[in-house]
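As structure tokens, the structure follows; a few thoughts come after it.
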Amino acid sequence: MGQNLDIVTIGEGLIELSSDKSLTYADSLDKYYGGDTLCSAVAASRLGSGVGYITRVGNDYFKEFLMESWQLEGLDISQVKLVDGFNGLYFIARSDDGSKEYSFYRKKTAASKISIDDIDEEYIKSANIVYSTGVTQALSLSAKEAVKHAFMLAKDNNLFTAYDPNYYPKLWSSEEAKDALEDVIEYVDILFLNIKYDSETVYDVESPEKIIKYFWDKGVGTVIVKSTEKKGYNVGYAGDVAFVDFWADSPVDTTGAGDAFNGAFLHGMCSGMDAFESTRLASIVAGMQCKGIGAIKSIPKKDEVYSAFYG
């Protein structure tokens, strides 16, 4: 069991098959791994945080690849359970016109069976921040219960919690996503929102300042609102709201960029930065990440990130 971790994340690991060509014409696909919370976990780990991962892995032909890869990333996988079943996967590529091709196969996977039984209080207590997402909650009712249980344990032990609705309409309705967030909001300290998908679609609020104030009133201390249109982040922290620009323009593939941002932000907070400094650091990570194809393999390493941060 991991000790003295900075961050514990709860979610699913997926096989990623990617190409820089259209799936229609690609002769080969690059095999990697992905998943929103896993992407955040790796981003934080590559920056130097101690990160633990909680999930279930199916005993199919990908099990060793997944678990060995995560260990090589420096993740603590002592709470990853190997169970009967299969692992989800997704395809990501670029069509001839430059648009993104995306396809998921993730129903009834091993990870969808995550439950309260996978949440160990002593393990939760070993971290400073517990993090999960609406994508994890959407896996199943038992996964939704597991996220809430972990957050409750975190608050009982005076730890921080962080959450991203990460709303995808293919996973569930906006009403279900809102109910899932409201179910855990009393335990959330750090909230990440996408202005288009989370704020406008789920809450019908177009103003970053208004959505920040809404969640401040609900007791969330730190709210980060990501906006592609405004090309930056509105950060609500300690009673102030500031805007931080995107670090880079002209992304090649934005898959996982928001998740990499979240992991880097949490790393910054665990390293003693405030929310505004953490956002600037995370913006660099997300900006570098989206210059490549794929969610996790494009996440930059510590030296490259900090060279840009202090440069």
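The values are calculated or read from the model by the stated rules, or taken from the named source; none is laboratory data. Computed from a prediction, not measured in an experiment: that's the story for all the values here. FYI the Cβ positions are ideal-geometry reconstructions off the backbone, even for glycines, and counts take in every protein chain you see. SASA here: full protein model, heavy atoms, side chains in, ligands and nucleic acids out. Shrake-Rupley method; radii C 1.70, N 1.55, O 1.52, S 1.80 Å.
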For the structure I just gave you, tell me whether Asp189 is touching a strand residue (DSSP E or B) at 6+ places or on another chain (Cβ under 6 Å), open to solvent by less than 60 Å² (accessible area, probe 1.4 Å) and either farther than 20 Å from Ala275 by Cα or of a type outside the set (Gly, Ala, Ser) (or both).
yes
Flag if Lys21 is open to solvent by 10 Å² or more (accessible area, probe 1.4 Å), within 22 Å of the chain's Cα centre (by Cα) and either charged (D, E, K, R) or under 22 Å from Tyr167 (Cα atoms) (or both):
no
Which one is farthest from the chain's Cα centre (by Cα) among residues in the range 288-311 that are part of a helix (DSSP H, G or I) and surrounded by 22 or more Cβ atoms within 10 Å (Cβ to Cβ)?
Val305
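Each row is one residue, and each column tells you yes or no for (1) of a type in the set (A, V, I, L, M); (2) within 17 Å of the chain's Cα centre (by Cα).
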| position | (1), (2) |
| --- | --- |
| Gly35 | no, yes |
| Ala41 | yes, yes |
| Ser45 | no, yes |
| Met67 | yes, no |
Take the residues in the range 253-276 that are touching a residue at least 24 places away in the same chain (Cβ under 8 Å) and not in a helix (DSSP H, G or I), then tell me which one is nearest to Ile224 (Cα to Cα).
Asp274
Suppose the filter is farther than 23 Å from Lys108 by Cα and open to solvent by 10 Å² or more (accessible area, probe 1.4 Å); does Arg46 pass it?
yes
Phe246 vs (1) free of Cβ contacts under 8 Å to residues at least 40 places away in the same chain; (2) of a type in the set (Phe, Trp, Tyr); (3) under 23 Å from Val42 (Cα atoms): all pass except (1)
Here, strands (runs of 3 or more DSSP E) confined to the range 1-60 with at least 2 residues that are touching a strand residue (DSSP E or B) at 6+ places or on another chain (Cβ under 9 Å) and β-branched (Val, Ile, Thr) are 7-10, 51-58
Assess whether Ile119 counts as being under 18 Å from Lys148 (Cα atoms) and touching a residue at least 60 places away in the same chain (Cβ under 8 Å).
yes
Yes or no: Asn128 open to solvent by 10 Å² or more (accessible area, probe 1.4 Å), farther than 23 Å from Asp6 by Cα and at pLDDT 95 or above?
no
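Just for the range 192-217: of the residues that are part of a helix (DSSP H, G or I) and acidic (Asp, Glu), which one is most open to solvent (accessible area, probe 1.4 Å)?
Asp217
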Just one of Val235, Val220, Val184 is assigned to a loop (DSSP other than H, G, I, E, B) and open to solvent by less than 30 Å² (accessible area, probe 1.4 Å); which is it?
Val220
For Phe265, are the conditions met, namely being open to solvent by less than 20 Å² (accessible area, probe 1.4 Å) and modelled with pLDDT of 95 or more?
yes
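Here's the yes/no breakdown for (1) among the charged types (D, E, K, R); (2) farther than 22 Å from Trp216 by Cβ; (3) crowded, with 24+ Cβ neighbours inside 10 Å:
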position: Ser142; (1), (2), (3): no, yes, no
position: Asn158; (1), (2), (3): no, no, no
position: Asn166; (1), (2), (3): no, no, yes
position: Lys170; (1), (2), (3): yes, yes, no
Using the structure shown, decide if Val80 is within 19 Å of Ala260 (Cα to Cα) and open to solvent by less than 50 Å² (accessible area, probe 1.4 Å).
no
Say whether the condition of being among the basic types (Lys, Arg) and closer than 19 Å to Leu47 by Cα is met by at least one residue in the range 229-241.
no
Tally of residues being in a loop (DSSP other than H, G, I, E, B) and free of Cβ contacts under 8 Å to residues at least 24 places away in the same chain across the range 149-168
1
